[in-house]
Amino acid sequence: MEPFLNPVLQGKPPQPLLVVISGPSGVGKDSVLMRMRELGFPFHFVVTANSRPQRPGEIDGVDYHFVTAERFREMIDNDELLEWAEVYGQYKGIPKSEIRQAMASGRDVILRINVDGAATIKRLAPEAVFIFLAPASLDELRHRLMLRRTESPEEVERRLAMVADELAQLPNFDYVVINHADRLDEAVGQIRAIISAEKARVYPRRVIL
Ligand SMILES: Nc1ncnc2c1ncn2[C@@H]1O[C@H](COP(=O)(O)OP(=O)(O)OP(=O)(O)O)[C@@H](O)[C@H]1O
Ligand SMILES: Nc1nc2c(ncn2[C@@H]2O[C@H](COP(=O)(O)O)[C@@H](O)[C@H]2O)c(=O)[nH]1
């Protein structure tokens with residue numbers, strides 16, 4: 001295949017990126033995304049489907065497409081999902097329609113999924129940019145999950161028990177960003193810098209999905 005030079009060299013718009021943000025539960029993936037939205041980052045945020053009940057403050061169609069487990073199984077049977085997994089006992093998945101719409105938007109696409117989901121996307125779209133959001137420590141992660149008060153103490157421990165395996169998958173990622181306590185904007189800034197650097201590549205990544 002011909003090497004694909006950065007289109008900006010011909011005065012054309014840059015190649016849109018598919019950016020996958022992953023990391024352990026409670027590390028701050030949703031907080032990072034929310035902050036990016038607040039700051040008006042011009043990205044297309046992929047809304048994934050979820051069979052768990054809505055948490056207070058979550059908005060259907062913004063945070064997730066909340067569906068019943070029955071509807072989710074129907075989506076699996078109808079091959080409507082690019083990727084799906086049972087995450088902490090609930091179905092999560094990326095509707096194909098969502099990702100296609102996103103890729104056609106011409107904007108950079110941001111996707112947040114768990115670490116296993118990121119491995120699946122790596123197989124399907126190896127040219128995506130994979131960012132691992134990491135906590136400064138396990139204690140910090142526990143503290144955040146406890147403070148969020150959306151899971152029982154047992155559920156918090158179940159999520160923490162998976163962190164070692166999740167960290168073991170770090171070598172499959174392109175970048176790691178530490179979301180330090182009370183320094184959310186720093187993490188967001190680093191992600192923005194990664195995206196800027198990726199845009200400046202002589203040979204940009206091209207995702208074909
Ligand atoms: N830098 C930070 N400093 C302090 N608290 C934070 C920071 N980032 C996020 N939090 C808090 O940590 C908790 C977990 O964050 P969030 O829900 O964004 O994590 P998540 O990675 O999306 O979790 P999950 O994978 O379970 O959906 C929230 O209460 C959030 O307000
Ligand atoms: N593999 C996938 N994981 C997903 C998807 N959408 C969200 N997630 C991840 O699930 C966990 C738990 O989320 P919670 O909101 O119930 O706490 C979290 O890490 C999400 O990022 C998906 O489509 N596929």
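So if I check each of 25, 97, 51, which one is more than 9 Å from ligand 2 (Cβ to nearest atom), touching a helix residue (DSSP H, G or I) at 6+ places or on another chain (Cβ under 8 Å) and of a type in the set (Gly, Ala, Ser)? Working first, answer last.
Numbers: 25 fails: more than 9 Å from ligand 2 (Cβ to nearest atom); 97 fails: touching a helix residue (DSSP H, G or I) at 6+ places or on another chain (Cβ under 8 Å).
Result: 51 is the single residue among 25, 97, 51 that is more than 9 Å from ligand 2 (Cβ to nearest atom), touching a helix residue (DSSP H, G or I) at 6+ places or on another chain (Cβ under 8 Å) and of a type in the set (Gly, Ala, Ser).
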Task: Filter result (under 22 Å from residue 41 (Cα atoms) and either within 17 Å of the chain's Cα centre (by Cα) or hydroxyl-bearing (Ser, Thr, Tyr) (or both)) within region 155-184 - done: 174, 175, 176, 177, 178, 179, 184
TODO: Return only the number of the condition from (1) modelled with pLDDT of 95 or more; (2) at negative phi that residue 79 does not satisfy.
DONE: (2)
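Could you grab me the full set of residues in region 108-132 that are near ligand 2 (Cβ under 10 Å from one of its atoms) and either crowded, with 21+ Cβ neighbours inside 10 Å or in a loop (DSSP other than H, G, I, E, B) (or both)?
The initial filter retains those residues of region 108-132 that are near ligand 2 (Cβ under 10 Å from one of its atoms), namely 111-121.
Scanning region 108-132 gives 111, 113, 114, 115, 117, 118, 121.
Considering only residues that are within 16 Å of ligand 1 (Cβ to nearest atom), of a type in the set (A, V, I, L, M, F, W, C) and within 11 Å of the chain's Cα centre (by Cα), which ones fall in region 6-28?
Residues satisfying the conditions are 19, 20, 21.
Got a sec? Which of 85, 118 is touching a residue at least 60 places away in the same chain (Cβ under 8 Å) and within 16 Å of ligand 1 (Cβ to nearest atom)?
Numbers: 85 fails: touching a residue at least 60 places away in the same chain (Cβ under 8 Å).
Every option except 118 fails the conditions.
Test of understanding: among 192, 201, 158, which residue is surrounded by fewer than 17 Cβ atoms within 10 Å (Cβ to Cβ), assigned to a helix (DSSP H, G or I), more than 15 Å from ligand 1 (Cβ to nearest atom) and basic (Lys, Arg)?
On the way: 201 fails: assigned to a helix (DSSP H, G or I); 158 fails: more than 15 Å from ligand 1 (Cβ to nearest atom).
Answer to the check: 192.
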TODO: Just give me the residues in region 1-43 being crowded, with 18+ Cβ neighbours inside 10 Å and either among the hydrophobic types (A, V, I, L, M, F, W, C) or not assigned by the TED database to the domain that holds residue 204 (or both), in sequence order.
DONE: 17, 18, 19, 20, 21, 27, 32, 33, 36, 43
Open item on the list: Here are the criteria: (1) under 19 Å from the mean Cα position of the chain (by Cα); (2) of a type in the set (S, T, N, Q); (3) within 14 Å of ligand 2 (Cβ to nearest atom). Tell me which single one residue 152 does not satisfy.
Closed with: (1)
Open item on the list: Condition first: in contact with a Leu (Cβ under 7 Å, 6 or more places away or on another chain) and surrounded by 20 or more Cβ atoms within 10 Å (Cβ to Cβ). Now tell me which residues in region 133-144 satisfy that.
Closed with: 135, 141
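The values are calculated or read from the model by the stated rules, or taken from the named source; none is laboratory data. Note that the coordinates shown come from a computational prediction; the quantities given were computed from them, not determined experimentally. Backbone-built Cβ (ideal geometry, glycine too); neighbour counts: all protein chains shown.
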